[in-house]
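Visitor: Let me give you the structure first, and then I'll get to my questions.
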Amino acid sequence: MPRPPDIIDTPSLSIPGLFRERVRRSPEAPAYQFFDTHDNNWHHLSWAETEARVARWRAGLLAETLDRGDRVAVLLPNGINWVCFDLAALSLGLIVVPLYANDRPDNIAYIVDQTEAKVLLCPGPFYREKISSLTTALPMLQRIITIDDEQADGADSGAERIVALADWLPDEGREAGELPTDEELATIVYTSGTTGRPKGVMLSHRNIVGNAAAGLSCIPVYPDDLLLSFLPLSHMLERTAGYYLPMMAGATVAYARSIQQLSDDLAEVRPTVLVAVPKIFEKLHSRVRIKISQESALKQKLFTLAADIGWRRYLHSQHRAHWSPEFLLQPVLDRLVGAKVRERLGGRLRIVISGGAALSFEVARTLIGLGIKIYQGYGLTETSPIISVNRLEDNRPEGVGPLLPGIAAKNVEYDELLVRGSNVMLGYWRNPEATAAVIDADGWLHTGDTARIEDGHLRITGRLKEILVLSNGEKVSPTDVETAIAADPLFEQNLVIGEGRPYLTVLAVLNPEIWKQVAAQIGIPDDETSLTDQTVRAMLLRRIEGCLKHFPGFAWIKDIHLTLRPWTIEQGLLTPTMKLRRKNIMSAFHDEVERLYQA
């Protein structure tokens with residue numbers, strides 16, 4: 001199928017060059033949708049209207065007397081303000097430093113200090129409550145712009161630097177001058193850092209735009225597509241695949257109001273394309289399973305049949321299974337089951353991209369069987385970020401798909417995956433030692449992940465630093481085991497332990513809603529006191545055995561510690577991208593872990 005003429009297939013453009021070309025090609029086409037809390041309405045902007053807004057932000061930044069190459073930081077939820085700030089800054093040759101709104105204040109201050117950011121854009125309440133006390137230690141920060149009409153008082157240590165957006169943003173815009181080249185540094189993105197301080201990944205315009213172009217050549221997105229954006233734009237998956245790629249395709253992006261309102265926004269916006277992380281699908285899978293468990297035996301049977309036949313029919317459409325007479329039941333089962341599940345996601349989804357972490361095969365199999373076409377991919381912040389993705393015509397959710405065009409890969413010692421291509425970062429900000437440790441003299445990036453390639457498809461088998469070596473010498477990827485356990489919606493979070501130990505154990509956080517049902521069925525209290533009961537632990541270990549039936553015996557779990565209290569970012573147990581901080585969790589549960597091995 002030929003590509004529509006509106007799609008920009010010039011990967012050598014800079015990001016503001018890409019935006020300028022999009023405005024030139026389709027000025028009146030819809031670009032963005034966002035909800036304005038002042039009038040409680042959704043608003044729509046064309047590409048030309050977006051450029052007019054960007055021009056005003058550009059004028060505001062020009063008034064700050066910044067030099068090309070200066071860093072400016074943004075800490076905002078997804079929305080049109082994020083986009084305008086980003087595009088205006090990049091058009092002036094400034095370097096954008098995105099920050100996670102859920103990160104710890106000391107970590108935010110560390111990043112602003114290390115990059116010597118001169119401007120910070122953030123919500124007023126966040127500034128007042130979280131970082132105002134830290135700004136005295138940030139002498140390079142000359143301007144703090146708040147989007148909530150926050151005003152500083154004389155007692156505020158940063159009073160002379162803080163200004164409300166309404167007062168800062170000029171009425172008149174400014175045209176862009178000479179745009180940066182594609183080789184110049186565009187952004188410094190700090191990795192979430194499961195251990196130690198995060199490192200600043202330096203990505204050029206070429207890194208990002210070229211990666212978006214390669215992704216678009218594998219997963220077709222068209223001008224009439226509508227994406228709903230809710231992953232943080234500080235995450236490169238959302239920024240490349242959910243922001244710059246749609247710009248290249250001429251598609252429309254709608255910004256979700258919040259994660260809490262995501263269900264309402266899906267129903268109202270009715271997107272055709274969605275970029276998400278596995279947690280979203282695990283929660284959907286969990287909710288569906290909870291609802292079905294409360295239905296009659298007949299409805300439970302219909303659900304299982306619909307998912308199973310739907311999956312096998314999908315394999316047939318992919319030329320990986322024979323036709324079966326049972327497929328004739330699929331249209332009826334789909335109306336009774338699948339269509340209702342898809343309606344929760346708006347009912348129009350054509351493509352769903354999953355990335356950022358491993359997606360459980362069981363979750364993917366069930367949802368694909370119900371008609372939700374999930375295409376899993378893989379990447380790193382250091383690779384802008386996409387390395388591989390499944391294709392529409394060859395989707396194998398047990399892996400992360402073939403490599404993107406222009407990317408090479410190979411395995412070295414311990415099956416570590418190395419990749420090379422134009423998407424590989426320039427290096428770590430002001431950290432040549434860390435850069436040299438991951439990019440060798442031939443330009444190969446050492447991903448730290450172990451992997452294998454089967455039939456042209458990449459499969460990630462673990463994290464090199466996280467491979468557990470049991471005392472008997474057996475090696476286990478905890479990620480694989482944890483992903484399999486997470487397929488059971490009862491286990492909200494789990495961390496597998498076993499380094500240097502004779503067997504594997506697990507720390508697990510239970511889903512409170514499902515635990516109430518399980519406790520009621522066996523007639524015990526649903527509070528934490530029951531979780532130490534040996535009979536309860538044995539019962540839940542049997543559930544885990546069912547998840548691990550395809551694993552070798554040495555990878556089975558022998559004991560478990562249970563809790564109902566989730567691990568959070570604020571506790572230091574998760575990164576801002578919701579990944580487990582393994583060392584921190586092990587430290588927090590040191591005594592509990594030791595008890596698991598006392599026998």
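Visitor: Can you confirm whether ILE280 is at pLDDT below 95, closer than 22 Å to LEU359 by Cα, surrounded by fewer than 16 Cβ atoms within 10 Å (Cβ to Cβ) and hydrophobic (A, V, I, L, M, F, W, C)?
Guide: On the way: at pLDDT below 95: yes; closer than 22 Å to LEU359 by Cα: yes; surrounded by fewer than 16 Cβ atoms within 10 Å (Cβ to Cβ): no; hydrophobic (A, V, I, L, M, F, W, C): yes.
Here the answer is no, as ILE280 does not meet what is asked.
Visitor: Could you tell me whether any residue of the stretch 521-537 is surrounded by fewer than 14 Cβ atoms within 10 Å (Cβ to Cβ) and among the aliphatic types (A, V, I, L, M)? Outline the logic, then answer.
Guide: As a first pass, look at the stretch 521-537 and keep what is surrounded by fewer than 14 Cβ atoms within 10 Å (Cβ to Cβ): 521-523, 525, 527-529, 532-535.
After this cut, where a residue has to be among the aliphatic types (A, V, I, L, M) as well, the list is 522.
Checking the stretch 521-537: at least one residue is surrounded by fewer than 14 Cβ atoms within 10 Å (Cβ to Cβ) and among the aliphatic types (A, V, I, L, M).
Visitor: Would you list the strands (runs of 3 or more DSSP E) that sit entirely within the stretch 172-239 and hold 2 or more residues that are more than 16 Å from the chain's Cα centre (by Cα)? Before you say what the answer is, go through the steps one by one.
Guide: Values: elements: 185-190, 200-204, 226-229.
Where strands (runs of 3 or more DSSP E) fall fully within the stretch 172-239 and carry at least 2 residues being more than 16 Å from the chain's Cα centre (by Cα), they are 185-190, 200-204.
Visitor: Within the stretch 41-128, which helices (runs of 4 or more DSSP H) (wholly inside it) include 3 or more residues that are of a type in the set (Val, Ile, Thr) and touching a strand residue (DSSP E or B) at 6+ places or on another chain (Cβ under 7 Å)? Explain how you work it out, then say what you get.
Guide: Details: elements: 47-62, 80-91, 105-115.
Correct list: 105-115.
Visitor: Can I ask one more? Kindly evaluate ARG68 against the criterion of being surrounded by 15 or more Cβ atoms within 10 Å (Cβ to Cβ) and touching a residue at least 40 places away in the same chain (Cβ under 8 Å). Lay out the reasoning, then the answer.
Guide: Numbers: surrounded by 15 or more Cβ atoms within 10 Å (Cβ to Cβ): no; touching a residue at least 40 places away in the same chain (Cβ under 8 Å): yes.
No; evaluated as a whole, the condition is false for this residue.
Visitor: Would you check if there is a residue in the stretch 285-297 being of a type outside the set (Ser, Thr, Tyr), surrounded by 21 or more Cβ atoms within 10 Å (Cβ to Cβ) and under 12 Å from VAL341 (Cα atoms)? Spell out how you get there, then give the answer.
Guide: At the first step, the residues of the stretch 285-297 found to be of a type outside the set (Ser, Thr, Tyr) are 285, 287-292, 294-295, 297.
Keeping just the survivors that are surrounded by 21 or more Cβ atoms within 10 Å (Cβ to Cβ) gives 285.
Checking the rest, the ones that are also under 12 Å from VAL341 (Cα atoms) come to 285.
For the stretch 285-297, residues of a type outside the set (Ser, Thr, Tyr), surrounded by 21 or more Cβ atoms within 10 Å (Cβ to Cβ) and under 12 Å from VAL341 (Cα atoms): present.
Visitor: Within the set of pairs 6 or more residues apart or between chains, which connect a residue that is of a type in the set (Phe, Trp, Tyr) inside the stretch 487-500 to a residue that is not in a strand (DSSP E or B) with Cβ atoms less than 7 Å apart?
Guide: Within 7 Å, the pairs are PHE491/ILE485.
Visitor: Hey, among the residues in the stretch 153-191 that are small (Gly, Ala, Ser) and in contact with a Lys or Arg (Cβ under 8 Å, 6 or more places away or on another chain), which one's modelled with the lowest pLDDT? Walk me through it before giving the result.
Guide: Quick first cut of the stretch 153-191, residues small (Gly, Ala, Ser) only: 154-155, 157-159, 164, 166, 173, 176-177, 186.
From what is left, the residues that are in contact with a Lys or Arg (Cβ under 8 Å, 6 or more places away or on another chain) are 173, 176.
On the way: GLY173: 97, ALA176: 93.
Once the filter is applied, the top-ranked residue is ALA176.
Visitor: Tell me which residues, restricted to the stretch 239-277, are under 14 Å from VAL352 (Cα atoms), in contact with a Gly (Cβ under 9 Å, 6 or more places away or on another chain) and either buried (at least 23 other Cβ atoms within 10 Å of the Cβ) or not β-branched (Val, Ile, Thr) (or both).
Guide: ALA241, LEU266, ARG270, PRO271, VAL273, LEU274, VAL275, ALA276
Visitor: Taking the stretch 553-580 on its own, how many of its residues are free of Cβ contacts under 8 Å to residues at least 24 places away in the same chain and surrounded by fewer than 14 Cβ atoms within 10 Å (Cβ to Cβ)?
Guide: Count: 3.
Visitor: Looking only at the stretch 32-53, decide whether some residue is modelled with pLDDT of 95 or more and within 19 Å of ILE145 (Cα to Cα).
Guide: Yes; the residues of the stretch 32-53 include at least one that is modelled with pLDDT of 95 or more and within 19 Å of ILE145 (Cα to Cα).
Visitor: Looking at (1) more than 27 Å from LEU141 (Cα to Cα); (2) among the hydrophobic types (A, V, I, L, M, F, W, C); (3) in contact with an Asp or Glu (Cβ under 8 Å, 6 or more places away or on another chain), which is the one condition that is false for PHE34?
Guide: Just one mismatch for PHE34, condition (3).
Visitor: Right, here's the next one. Being farther than 22 Å from ALA214 by Cα and buried (at least 19 other Cβ atoms within 10 Å of the Cβ) is the filter; apply it to the stretch 8-32 and report the residue that is farthest from the chain's Cα centre (by Cα).
Guide: Among those residues, the one meeting the criterion is PRO30.
Visitor: Go through (1) at positive phi; (2) under 28 Å from the mean Cα position of the chain (by Cα); (3) hydroxyl-bearing (Ser, Thr, Tyr) one by one and return the number of the condition THR65 breaks.
Guide: Among (1) at positive phi; (2) under 28 Å from the mean Cα position of the chain (by Cα); (3) hydroxyl-bearing (Ser, Thr, Tyr), THR65 violates only (2).
Visitor: Only one of LEU120, LEU92, LEU169 is buried (at least 19 other Cβ atoms within 10 Å of the Cβ) and over 30 Å from MET578 (Cβ atoms). Can you tell me which? Walk me through how you get there before you give the answer.
Guide: Values: LEU120 fails: over 30 Å from MET578 (Cβ atoms); LEU169 fails: buried (at least 19 other Cβ atoms within 10 Å of the Cβ).
Every option except LEU92 fails the conditions.
Visitor: A follow-up question, please. Give the number of residues within the stretch 350-368 that are over 15 Å from TYR378 (Cβ atoms) and part of a helix (DSSP H, G or I).
Guide: So the answer is 6.
Visitor: Of these, LEU392, LEU468, LEU403, which one is surrounded by 18 or more Cβ atoms within 10 Å (Cβ to Cβ) and at pLDDT 95 or above? Working first, answer last.
Guide: Working: LEU392 fails: surrounded by 18 or more Cβ atoms within 10 Å (Cβ to Cβ); LEU468 fails: at pLDDT 95 or above.
None of the other options fit; the residue is LEU403.
Visitor: Then there's this: State whether the residues of the stretch 222-230 include one that is buried (at least 23 other Cβ atoms within 10 Å of the Cβ), closer than 18 Å to ARG420 by Cα and at pLDDT 95 or above.
Guide: Checked the stretch 222-230: no residue is buried (at least 23 other Cβ atoms within 10 Å of the Cβ), closer than 18 Å to ARG420 by Cα and at pLDDT 95 or above.
Visitor: Could you check the stretch 346-375 and list, in sequence order, the residues that are at pLDDT 95 or above, buried (at least 19 other Cβ atoms within 10 Å of the Cβ) and not small (Gly, Ala, Ser)?
Guide: Hits for the stretch 346-375 are LEU349, VAL352, ILE353, ARG365, THR366, LEU367, ILE368, LEU370, ILE372, ILE374, TYR375.
Visitor: Mind listing whichever residues of the stretch 425-461 are in contact with a Phe, Trp or Tyr (Cβ under 8 Å, 6 or more places away or on another chain) and among the hydroxyl-bearing types (Ser, Thr, Tyr)?
Guide: Scanning the stretch 425-461 gives THR435, THR450.
Visitor: Moving on. Can you report the number of residues in the stretch 321-348 which are part of a loop (DSSP other than H, G, I, E, B), under 24 Å from VAL269 (Cα atoms) and out of contact with any Lys or Arg (no Cβ under 7 Å at 6 or more places or on another chain)? Break it down stepwise before answering.
Guide: First pass over the stretch 321-348, keeping only residues part of a loop (DSSP other than H, G, I, E, B): 321-324, 344-348.
Checking which are under 24 Å from VAL269 (Cα atoms) leaves us with 344-348.
Those left that are additionally out of contact with any Lys or Arg (no Cβ under 7 Å at 6 or more places or on another chain): 344-345.
Residues in the stretch 321-348 being part of a loop (DSSP other than H, G, I, E, B), under 24 Å from VAL269 (Cα atoms) and out of contact with any Lys or Arg (no Cβ under 7 Å at 6 or more places or on another chain): 2 in total.
Visitor: Looking only at the stretch 409-460, count how many residues are within 24 Å of THR187 (Cα to Cα), of a type in the set (A, V, I, L, M, F, W, C) and part of a strand (DSSP E or B).
Guide: Of the residues in the stretch 409-460, 4 are within 24 Å of THR187 (Cα to Cα), of a type in the set (A, V, I, L, M, F, W, C) and part of a strand (DSSP E or B).
The values are calculated or read from the model by the stated rules, or taken from the named source; none is laboratory data. What you see is a predicted model; the values in this text were computed from it and never measured. Every residue, glycine as well, gets a Cβ built from its backbone with ideal geometry; the counts of neighbours run over all protein chains shown.
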